[in-house]
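To start, the structure under review is shown below, and the notes come after it.
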Amino acid sequence: MLFAQTTPPCAAQQIEVRGAVLLRRAVASPWVVYLESGRVILGVMDGDSMEHQLGVVQSPCWLEATSAVLNLPHAVDAVADTEVSLRRMPLPEFRESLEAMPVTVHNVLHDVAVAHRQQTELAVSRLAKNAEARCAEWLLRHAQTSDKGTLAVLLQQRKRSIAAQLGIAPETFSRVLRHLRERSLISGSGRILNLLDPSGLRLLAGV
């Protein structure tokens, strides 16, 4: 519906062949892609091939529009699984159309986009990263600045629940935390974990 109401005439139809890379993970596109026909694979690429497949989307639909709603780089790679017909809408015009929505609708859309982005990032993390990288990324995402000006994570859930979110066993989660302490990346053994070396954690997480 948004496409039919807001797409400018200059958004010409384009045809891409099977295997064409339509989106690149961690890259901010200057446009938003609307898929008119065809099928697209979403996942994580290694070089020019799709190493980990996350899912498949079928036209008609917006292609990974969550990133455009939140003004973030793409969370996944996208490759045409068939010949596809698409239109590219300039990102500024897309975001202007969002701002024109009623406030309540816009807020709901934003909240849904945030939840979808978090789930996508978690799924990508499980596909492409080992246990240590997943834990480091989780710690960075949940870190808050303490009264002392340092970063810390308050464990508000049981470690078993956190491990389930990361797709690892509770024993693995505990072992990874121990290894991170031994490497002086974090400290603390109770409900508060201090991030001693955020740069080291970012390197480990690949972010």
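Provide the per residue accessible area, probe 1.4 Å, for the chain, rounded to a whole number of square angstrom. Intermediate results must be reported in sequence, preceding the final value.
On the way: 11430 Å² over 207 residues.
In whole numbers, the chain has 55 Å² accessible per residue.
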Extreme residue, positive dipole direction of the chain, given options Leu127, Pro170, Gly200 (C-beta unit charges): Pro170
For segment 76-207, radius of gyration divided by Kirkwood radius, i.e. Rg to Rh on alpha-carbons: 1.09
Packing rank of 185-191, 11-17, where each peptide gets the mean count of other beta carbons within 10 Å, highest leading: 185-191, 11-17
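Among 96-108, 65-77, how do they line up by average Cβ neighbours within 10 Å per residue, starting with the highest?
Numbers: 96-108: 11.2, 65-77: 19.3.
Listed from highest to lowest mean packing, they are 65-77, 96-108.
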Overall dimensions of segment 11-56 as given by Cα atoms, namely Rg and Dmax in Å: 11.4, 31
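The values are calculated or read from the model by the stated rules, or taken from the named source; none is laboratory data. Here the structure is a predicted model, which is why all the values come from computation and not from measurement. Every residue, glycine among them, receives a Cβ derived from its backbone with ideal geometry; neighbour counts consider all protein chains shown. For accessibility, only protein heavy atoms count, side chains too; no ligands or nucleic acids. Shrake-Rupley method; radii C 1.70, N 1.55, O 1.52, S 1.80 Å.
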